[in-house]
Each structure stands twice: as structure tokens, then as C-alpha cells.
Amino acid sequence: MSDQQSSFDSVLSEDRVFPPSPDAGASLGGAWIDSMESYRDLHAKSVADPEGFWAAAAEDLDWFSHWDTVLEWNLPDARWFIGGTLNACWNCVDRHVESGHGDEVAIVWEGEPMPGGEPDVRHLTYAEVQDKVIRFAAALKGLGIGKGDIVTIYMGMVPELAIACLACARIGAPHSVIFGGFSSQAIVDRVEDADSRIVITCDGAWRRGLIVPLKDNVDEAARNTDRIEHVVVLKRCENEVQWIDGRDAWWHDLMESGDGPVECPCEPMDSEDMLFLLYTSGSTGKPKGIMHTTGGYMVYTMLTSRYTFNLRPDCDQMYWCTADVGWITGHSYIIYGVMANRVPTLMYEGAPNHPEPDRFWSIVERHKVTQFYTAPTAIRAFMKWGDEHPAKHDLSSLKLLGTVGEPINPEAWMWYHRVIGSQRCPIVDTWWQTETGGHMITPLPAVTPTVPGSCTLPFLGIDAIVCDERGNEVPPNSGGLLAIRTPWPSMLRGVYGDRQRFIDTYFSTVDGMYFAGDSARRDDRGYFWIMGRVDDVINVSGHRLGTMEVESALVSHSSVVEAAVVGMPHEIKGTGIAAFVTLDPSGEPGDELKVALREHVAKEIGAIAKPDMIRFTDALPKTRSGKIMRRLLRDIAAGAESTGDVTTLEDFSVLAKLRDDEE
Ligand code: WTA
């Protein structure tokens, strides 16, 4: 059981059930499913006849040619809508223009700086997005990029990031978006793994009043790999950049070349053609490229966006997801799922507390946000900053709140409900993963009674269980492995270039099923409670990191011989990073080295991976077979007395030493 979960239990009373809020659904234009009975009925039918259910859902997309077979399932390989062809960009943009909605707002954007107290705001209609996407898609083709070429995108949160993704989708070039907070080394690793020849970036990105030098990071990456042939640069910050003629091109030059209308039709893509690759951390080695394909992903993200958030066109909705497009949440629930539903999607460039801690609430008020989707770590930060910040703003436009990324502690849930939602907005706590593509376990607004801390029940078509390794369900209220019994349309299709890792990670732990890497329990009501990762992945501020990744970054420093990284409870981040480090004789333990190591990790991975605590030790506690005793380290990091069996510990003095060194 994770540390976080045990702290939940102490404040949790399971009879704190919040009834559904049908009013919230009604004020959004109606609920797609309007009662618990209809959910249970539809869920049972969708699981009994997934092909019938998903075929009906898929009819809501435009297909260039219809599929012949809904599903082919040969564990671990699922193929959906076989024989069908479609284009994701067409479904998110062109079809809305074709059907007469070109003048409606597709993307609302707010920049971080507030010159003169007013932010930069842009409203882009579907017709404008279409025009930009066509121009950029044509430009990509002009650079020799075509169907099947993987395009790396490393940008800040600007509308052009969505435009770049959609342009890739338009020409059938899978994108690989790298979060702008990652380092140049992360770019090198991903570009090489994906064999990507082109990087789209910005001169810089605004973050908390400072410029993140994205182009410099790409330049540095390009010095360390020979794969990058083209760098396209969007001018965002007037940040001075170095230029390599022949390799670098300005976005605006590419968009403006050629007078008159540019043509670049949507490429008909096979349903199973790759839409994108997104790297995520696993328990071993370097991040793995999760592959998502076109048809199933679009069907699933469109339907989940619609049902979980009650998205409806023509109902004055303004949907805002605060994630970065660099994560799966941004892919599915800023771009694809939302735009497919023809509801405006709001993008904000910067930090939640710039220039003041009320920034998010001023955005909600200014744009009359109706659905708001964020992460527990942000909610905890808002709580800490104080109620006076949301109190300054009119939040009455809000109808629905969502959270994602990590378990939400009930205190944070209650605060969100009371202070942001005025006790009237339903909260959808959505459990899902990069690998699942879309929401897997989530309440449906206006339907599912919620309990703070529980993500409640599976989405339609999802057969989720808590089980042992043989796949047998465990009784209510006992912890077990969270697994999905049957395929769903947006499940990952593989790990790029590594078939064995795909099988080993997801289909080898529980017999015959997809294993999520999380443990969970179900209560008497059947509600799911996520207990946390059971592998060596930690969730830092809702961002996934592999402990091994951070360990290798530390070990690559000349003073470090060995490192062990574990999660530790953290008030805001949920999980913080604790590193136990043994040094080379040349290494001088002390604050200076701690600072240097933190910077080193930031350089190797990104600032999000900086350890919150570093302890120097003579040796790491290991079992006789040489495995690091992580449980012990976790206890020490949490400041707890280590309990449990330590008889396999090789050297007890190591433990004593660690204690002595406590900060
Ligand atoms: C965790 C993010 C509890 C979980 C969409 C999962 C959650 C990992 C929740 C995936 C939630 C995500 N409650 N835990 N509502 N949502 N997680 O791939 O451990 O960045 O396995 O996808 O985040 O993280 P990823």
C-alpha cells in the first residue's frame, strides 16, 4: 500500500458519498447518460458485446472507407475497425468546417505574460485552424516529411503546438511530442529511438516570467545526435537564437511561402496506422515509446470526452484542461477527444501562479470556463496558497471539475468541491494512463455518486478488475493488481521498436490480461480505489518518472558510484523523490554536491526529476542476492521507523549509518 493511500484512510469515511448532480448535467446541455441504472445497463451490454458497442460509437466519426471487422484480438495484439480508413485531423477540424461551423471557436489561448495587466488572448476558429494546419502540413511535405515519418515536437503551450500535431495527423506522419520541461538529453534519446529527422520547436517558452530556451536545447541535442536534419522554429518570445542555415527554418517563413490557397488534403489513414508515439517512463531503463493508432484512439477519446466531461457542441461550453500537451492528457483531452466533439478547448501557456496565485481563477472568470480538468498536485498547491485567491473571482460558470494523474487525497477533493466547485459541481476523478489512451475508470457527471478519493467505476466497454497474478478477482476491500480483462479501442498497440518490452510490461504479470502497473482495491459498492504503482515508477506531481531513470542520471555524475531512488510523501507533489547515494572517494559529501547533483539530474532528464532529498551513505542496504531494499529506503525517506522483516539485509550497519545521516 502506498504511503499516500494510508494517509487517505485516516481521514476517510466511506459514507461520505456525494450524490450525483443532475443540475450540473442539465446546465451543460444535458447528460449523455442520466441515471445509474442506465449506466449499469449500458456498461453490462458494452462489456458483453464490445464489438456492437464500439461499432455504434465509431459511427460518430467520419470514415473515408468503412471498416469490415470491428475487432481482432490475439493477445496482446488488438486491431480495431479493420479495413476502415479515416483521418484524425479531418475529424477534429475539417469536418466541422465542412458542416458549416468554420466560424466557431476551436482553440482559445492565453499567454503567460500580462503586459499592462492584460494577457495575450487568441481565439482561433475551426476555419483558421484548418488554414494553418493545411499550410503547416504542406510545409512539412515540402521538407520531405511524409506518411510514416516520425515528427518530434518540442514546444511550449501555444496554439501552434496543437496545429503542428494536427498537421502531422493530416499527412500521416506520427508525432512524438516531448514535454518542454525535458532536457536536451531527453530529446536525443527520443529522437534516436524514434529515428526522427525533424524537430519542431520555439525560440522559447514563457514559464513563471522566465524564458525556457527550447531552441537552445534542440541545438544542444543536435550536437549530440546526427539524426536531426530539420529544425522548425516558431518565434514566440523574441528570444535570440543561434541559426544553422539549411537545417533551421522559421515557422512563419514556411507558413507564408507561396501565395494563394495551399492544398494539402487529409491523407486517408488505415485505422491501425500510427497516429502518434508518446514516450513514458517505465520501471526499467529509458522511457518507452507508447504507440497509438488512428481509428480506435479517435473513437475512444471522442466518446470518453463526451461522456466524462459532458461535452456538447452548441451549448456555450468552454472546456479547459490545464495539462501540457507533452503528456497523454494533453493529447487526448486538449486536442483529439475535445476537438472531435466540436467544443472550444482552452490552452494556457504558463504557470498557475504567475503573476499571482489567482491566475487560473482569473482565466476561469475571463473565459467563462464550464469544464475544468487539472491534477491533484495543482489542487494541493492552490489549497496551500489560500482560499482568498479563488475568492477574488467569479467562478459561477464552472459546471464540472475533473482530476487526473495521481490519487487525490480526500482533503484536496473536499477543498476542490467546496472552494472551486461551490459544492455544486460534480468531480470526475479519472484513472487512466499513457498506455490506455483515454479514461478507464471514472465517474460520469450527473450520474455516479462520488466518494472523495475513489475514481468509482469503469467507463463503458471497460472490464476492469482487481485480481491476483493468476487473474482471479480478490474479495472486496483487499488490495490486488489492477488489470483490464478485454481489449478497448485506444489501448496501446506496442512499445516502439521493442516487442518484448511490450509483452513483458503489460501482459506477463497477470495471466491473459492487460496489467496496468497499479494496485487497487474495490469497496463494497464495487468502487475502485487506486493504491499506487507496484513497479518502480513514481508519480511526481502527477508526472511519471522511473526510479531507474533518476538513478542512471545520478550515476552518470563523476562523483557518484551507486544510487537508489525511491518515492517519499510530499505535501504538494504527492510523491517526492528521495535519492540515496554512495560516493567515489573524490566526491565530497555536503550541500554543494547536493546542489550539483540536483542540477545534474535536471540536465540529464529535466527539472521535474530533481531529487527533493539526497542522502549520502557508505553503502546501500541490499539483500543477500544483491537487490536494493527499497522498502527500507522508502520507510527511511518517509521518516518512519522501519518495520518488518529485515533479516535478509546484508549489512545492518548500513541501516544504522543511514539513520545517522538523516537530515
Ligand atoms: C496514476 C496519466 C490515481 C496511476 C493520465 C497511473 C492515477 C499513472 C489517476 C499513469 C487517478 C492516473 N487516480 N492514480 N485518477 N490517474 N494515475 O501515464 O498510477 O502519465 O498508472 O497517465 O498515473 O500516468 P500517465
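The values are calculated or read from the model by the stated rules, or taken from the named source; none is laboratory data. Everything quoted here is computed from the prediction, not taken from an experiment. A quick note on method: Cβ atoms are made from the backbone with ideal geometry, for glycine too, and the neighbour counts reach across all protein chains shown. Quick note on the areas: whole protein, heavy atoms, side chains included, nothing else; ligands and nucleic acids left out. Shrake-Rupley method; radii C 1.70, N 1.55, O 1.52, S 1.80 Å.
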Task: Residues of segment 373-420 classified as closer than 23 Å to Leu346 by Cα, touching a residue at least 60 places away in the same chain (Cβ under 8 Å), away from the ligand (no atom under 16 Å from the Cβ) and among the charged types (D, E, K, R), total - done: 1
TODO: With the condition kept exactly as written, say whether any residue in segment 88-109 is under 30 Å from Thr505 (Cα atoms) and surrounded by 20 or more Cβ atoms within 10 Å (Cβ to Cβ).
DONE: yes
TODO: Determine whether segment 470-480 contains at least one residue that is in contact with a helix residue (DSSP H, G or I) (Cβ under 7 Å, 6 or more places away or on another chain) and open to solvent by 10 Å² or more (accessible area, probe 1.4 Å).
DONE: no
Open item on the list: Need the failing condition index for Ile379 against (1) under 16 Å from Arg312 (Cα atoms); (2) crowded, with 22+ Cβ neighbours inside 10 Å; (3) touching a helix residue (DSSP H, G or I) at 6+ places or on another chain (Cβ under 8 Å), just the number.
Closed with: (1)
Open item on the list: I need the full set of residues from segment 270-320 which are of a type in the set (A, V, I, L, M, F, W, C), closer than 14 Å to Arg342 by Cβ and within 16 Å of the ligand (Cβ to nearest atom), in order please.
Closed with: Phe309
- [ ] Go through the residues of segment 374-381 one by one and say whether even a single one is assigned to a loop (DSSP other than H, G, I, E, B), under 19 Å from Gly542 (Cα atoms) and out of contact with any strand residue (DSSP E or B) (no Cβ under 7 Å at 6 or more places or on another chain).
- [x] no
Open item on the list: Of the conditions (1) of a type outside the set (A, V, I, L, M, F, W, C); (2) over 21 Å from Ala167 (Cα atoms); (3) at pLDDT below 95, Glu256 satisfies every one except a single condition; which number is it?
Closed with: (2)
Task: Spans of helices (runs of 4 or more DSSP H) in segment 570-663 with at least 3 residues at pLDDT 95 or above and open to solvent by 60 Å² or more (accessible area, probe 1.4 Å) - done: 591-604
Open item on the list: If Asp523 satisfies all but one of (1) within 23 Å of the chain's Cα centre (by Cα); (2) over 21 Å from Thr294 (Cβ atoms); (3) of a type outside the set (A, V, I, L, M, F, W, C); (4) open to solvent by less than 20 Å² (accessible area, probe 1.4 Å), what's the number of the condition it fails?
Closed with: (1)
Task: Search result, residues across segment 481-500 that are among the polar types (S, T, N, Q) and touching a helix residue (DSSP H, G or I) at 6+ places or on another chain (Cβ under 8 Å) - done: Thr486, Ser490
Open item on the list: Against the definition (within 13 Å of the ligand (Cβ to nearest atom) and either hydroxyl-bearing (Ser, Thr, Tyr) or at pLDDT below 95 (or both)), how does Arg544 come out, yes or no?
Closed with: yes
TODO: Scan segment 421-439 for residues that are away from the ligand (no atom under 13 Å from the Cβ) and surrounded by 20 or more Cβ atoms within 10 Å (Cβ to Cβ) and jot them down.
DONE: Gly421, Cys425, Pro426
- [ ] Return yes when Ile228 is more than 16 Å from the ligand (Cβ to nearest atom), out of contact with any Ser or Thr (no Cβ under 6 Å at 6 or more places or on another chain) and farther than 30 Å from Asn341 by Cβ and no when it is not.
- [x] yes
Open item on the list: Among the residues that make up segment 458-468, is at least one of them crowded, with 21+ Cβ neighbours inside 10 Å, out of contact with any strand residue (DSSP E or B) (no Cβ under 6 Å at 6 or more places or on another chain) and more than 28 Å from Val70 (Cβ to Cβ)?
Closed with: no
